[in-house]
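Notes follow the structure.
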Amino acid sequence: MKRAVEPSRSRDGQHVALVHERLRNAILRGEVPAGYTASQAALAGQLEVGRTPLREALRMLQREGLVVSEPNRPVRVAGLSSSDAEELYVMRISLEAVAIRITVPRLVSADIAELEGLLAQMDHYMRSRDNTGLRKPHRAFHLALVVGSGPRVTETIGQLFDHAERYRLAFGAATPDVLDQRREEHRSIVDAIAAGDADRAAHRLVAHYAHTAALIFAGLEPEHDLARLRTTIATVAPGAEDALSVGPRPPRP
């Protein structure tokens with residue numbers, strides 16, 4: 001017979017989870033900026049939380065790569081770099097190009113209806129210029145595209161989505177002037193899925209990410225050589241690498 005969990009330990013665990021979620025969201029939204037440093041004591045005071053749950057939350061964030069914590073040194077929020085951004089999109093594109101091809105044949109009418117509903121929600125928040133409200137349906141939309149690949153893969157993709165949020169917000173890939181194109185790209189992915197064309201859906205998803213990456217690198221480091229990203233795209237969705245240009249959109253396949 002299992003021993004009951006002590007109430008105090010249970011509350012501590014819940015508190016750690018709340019502190020972790022609060023700080024993680026603040027980092028992802030840029031409310032705590034990249035490169036920000038503070039002692040654990042100062043950070044605990046700013047967040048109005050205890051040192052013990054904060055310490056555990058920071059360990060969780062360090063494992064995820066969002067903070068850097070070294071003994072006897074201030075806590076530092078992980079910086080944004082061109083190398084990290086390229087690796088991030090190499091991982092997203094290579095994983096999701098496969099995951100969407102696995103998922104599309106498994107989707108039924110109810111799944112397509114769910115995607116349409118998420119498109120409608122995103123459209124509402126885009127027209128309202130509400131990036132905070134947009135985040136939840138946007139994330140749900142992208143995870144629905146890959147859910148057939150299994151829970152472990154989907155969870156990893158969700159984490160990569162979250163990390164990409166920092167770059168999108170910091171370098172102009174989530175501003176009002178690009179939302180119309182985002183809307184059109186999302187629509188084209190769903191149209192391909194509704195037609196049962198997994199390869200076309202994968203190509204459009206990869207082109208969508210490539211265009212987002214192009215916007216990010218235009219602000220982050222325009223001269224950065226995207227050779228790794230081009231090789232990845234050419235491997236999983238040949239032709240979609242044209243979308244790495246911020247210029248005119250490439251023709252749809």
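The values are calculated or read from the model by the stated rules, or taken from the named source; none is laboratory data. Nothing here was measured: the structure is a model prediction, and the numbers come from that model. A quick note on method: Cβ atoms are made from the backbone with ideal geometry, for glycine too, and the neighbour counts reach across all protein chains shown. All accessible areas refer to the heavy atoms of the entire protein, side chains included, with ligands and DNA or RNA removed. Shrake-Rupley method; radii C 1.70, N 1.55, O 1.52, S 1.80 Å.
Remarks
- Boolean, Ile233 is at pLDDT 95 or above, over 24 Å from Ser81 (Cβ atoms), surrounded by 14 or more Cβ atoms within 10 Å (Cβ to Cβ) and β-branched (Val, Ile, Thr): no
- Only listed residue being surrounded by fewer than 18 Cβ atoms within 10 Å (Cβ to Cβ), within 21 Å of Ala99 (Cα to Cα) and not aliphatic (A, V, I, L, M), chosen from Asp130, Asp177, Asp191: Asp191
- Matching entry among Arg63, Arg76, Arg92 (being under 28 Å from Glu221 (Cβ atoms), buried (at least 18 other Cβ atoms within 10 Å of the Cβ), of a type outside the set (Asp, Glu) and at pLDDT 90 or above): Arg92
- Failed condition for Gln159, given (1) buried (at least 16 other Cβ atoms within 10 Å of the Cβ); (2) under 24 Å from Asp84 (Cβ atoms); (3) touching a residue at least 60 places away in the same chain (Cβ under 8 Å): (1)
- When the stretch 43-60 is limited to residues that are in contact (Cβ under 8 Å) with a residue 12 or more places away in the chain and open to solvent by 40 Å² or more (accessible area, probe 1.4 Å), the one that is nearest to Ala164 (Cα to Cα) turns out to be Met60.
- Number of the exception - His203 against (1) assigned to a helix (DSSP H, G or I); (2) open to solvent by 60 Å² or more (accessible area, probe 1.4 Å): (2)
- Pairs where the first residue, in the stretch 103-117, is without any contact (Cβ under 8 Å) to a residue 40 or more places away in the chain and the second is of a type outside the set (S, T, N, Q) and surrounded by 15 or more Cβ atoms within 10 Å (Cβ to Cβ), C-beta under 8 Å, 6+ apart: Asp111/Ala144; Glu114/Ala144
- Candidate set from the stretch 108-117 (those that are open to solvent by less than 40 Å² (accessible area, probe 1.4 Å) and of a type in the set (A, V, I, L, M)); member that is nearest to Gly196 (Cα to Cα): Ile112
- Contacts under 6 angstrom Cβ, first residue in the stretch 208-229 being open to solvent by 50 Å² or more (accessible area, probe 1.4 Å), partner of a type outside the set (Asp, Glu), 6 or more apart: Ala218/Val246; Glu221/Ser82; Arg228/Val90
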